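We did not get these values from a lab; they are worked out from the coordinates using the rules stated. Just so we're clear, the structure is a prediction, and the values are computed from it rather than from any experiment. All Cβ positions, even for glycine, are placed from backbone atoms using ideal geometry, and neighbour counts span all protein chains on display.
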């Protein structure tokens, strides 16, 4: 059975005044209901709660403070979901509202609970409509943009395809508003090749995303073996064509999934709380030998983290002016204070300093290469 995640940006859900785009939402629900009836599992990730709240409260522009953003979301969230629920119910589809926070993805137990809930809804043939719970999110604990939330959800449920529905036809070679000769990139199979393109952060007045966030979301999803498409939700028939397997917008080919679901969670959902600097030998052992990181290979510790937190692992490139080069990310067995005590020490010496300490600073089972 195919499983697809459809993400709608604020500019597709609402116009510049914050009014819902009834035609775009109706087309989306038509397309989602059609493939749902054919047996496809469908999840919708939507933006637009803040935009809807802004319109209801007649705010002249998107708020700048966290408190006002949360309040606008609280006003708009229920009204936004009601629009989806009514449209889907008219098409014979039962829906469910699911609100997620960054913590739900970054805490492993919450992550597994979220996956179980979504799996059960899909087994019941219910279509989840997901949004970030903006009313409890903060600058420090937030997805920042629902493109990332959609990619996380796609990984969470092991989707076959992620469709990022925007107000633009796809990824262009340059900003088409500034460069009339820019054209849509139909297929992306090598993310390194995108460095030559002018991929911007420009957003709509109501949204927080941009094309760069969509490309990063596509990179996250395709790394998990999930094909990703960016298409124009304001263009009639575009989403329907994508769901039918036709060429539309920009398609990012799925890559061979290298990691387990745990390591995908670690790589993309678990925030790093610090950084460990390792010597050349340790870096080589991690990259080439699938080894664990031992305290003897640690040269420096940055940040303040606890045992069980995720940390970035890097080596200092002495040939490039000491620039740090990413190596991996992992769950550390030591707190930052403990690791500073034993960095550079062999295992016997470590046990004399910290008798109950683990032999590994980061075990290979809890480590994912950059």
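Which FRET efficiency value, to the nearest 0.05, is calculated for residue 86 and residue 186 with the Förster distance at 35 angstrom and r the Cβ-Cβ distance?
E between residue 86 and residue 186, to the nearest 0.05, is 0.45.
Enter the angle in degrees (range 0 to 90, nearest 10) between the Cα long axis of helix 280-289 and the first principal axis of the Cα atoms of the chain, meaning the one along which they spread out most.
Once rounded, one gets 60 degrees.
What would the Debye formula give as log10 I(q)/I(0) at q = 0.10 Å⁻¹ for the alpha-carbon point model of the chain, no solvent?
-0.68
How large, in Å, is the stretch 271-369 by the Kirkwood hydrodynamic radius built from its alpha-carbon pairs?
13.1
Can you tell me which of 312, 38, 169 moves the most in a GNM of the chain? Springs connect C-alpha atoms under 10 Å apart.
38
For 265, 124, which order do you get if you count the other beta carbons within 10 Å of each Cβ and list the fewest first?
If I rank by nearby Cβ atoms, fewest first, I get 124, 265.
Could you rank the peptides 4-10, 85-91 by their average count of other C-beta atoms within 10 Å per residue, with the highest value first?
Result, highest mean first: 4-10, 85-91.
Nearest 10 degrees is fine. How inclined is helix 211-223 to the longest principal axis of the chain, computing both from alpha carbons?
For 211-223 against the chain, the angle is about 60 degrees.
What three numbers, in Å, describe the spread of the alpha carbons of the stretch 1-67 along their principal axes, ordered from the longest?
Per principal axis, max minus min of the Cα coordinates gives 44, 25, 14 Å.
How high is the relative contact order of the stretch 271-369, in percent, with contacts defined as C-alpha pairs under 8 Å that are six or more residues apart?
Relative contact order for the stretch 271-369 comes out at 34 percent.
Can you pull the one-decimal nm distance between simple spin-label points at residue 290 and residue 109, each 7 Å off the Cα toward Cβ?
The answer from the label model is 3.1 nm.
Based on the alpha-carbon gyration tensor of the stretch 257-319 and its eigenvalue square roots a ≥ b ≥ c, which shape applies: rounded if a/c is under 1.5, prolate if not and a/b is larger than b/c, or oblate?
oblate
Defining a contact as two alpha carbons under 8 Å apart and six or more residues distant in sequence, what relative contact order in percent does the chain show?
RCO, the chain: 14 percent.
Please identify, among 97, 341, 77, the residue showing maximal mean-square fluctuation in a Gaussian network model of the chain using a 10 angstrom Cα cutoff.
Sorting by GNM fluctuation, first place goes to 341.
Take the stretch 30-87, compute every pairwise Cα distance, and split them into 5 Å bins from 0; I just need the percent in each bin.
4, 18, 23, 17, 12, 10, 9, 6, 2
Between 60, 271, 180, which gets the highest mean-square fluctuation from a Gaussian network model of the chain, Cα cutoff 10 Å?
Among 60, 271, 180, the largest GNM mean-square fluctuation belongs to 180.
Grab the DSSP H runs of the chain that are 4 residues or longer, score each as -39,500 (n - 2.57), total them, divide by all residues and round the 222 nm result to the nearest 500 deg cm²/dmol.
-11000 deg cm²/dmol
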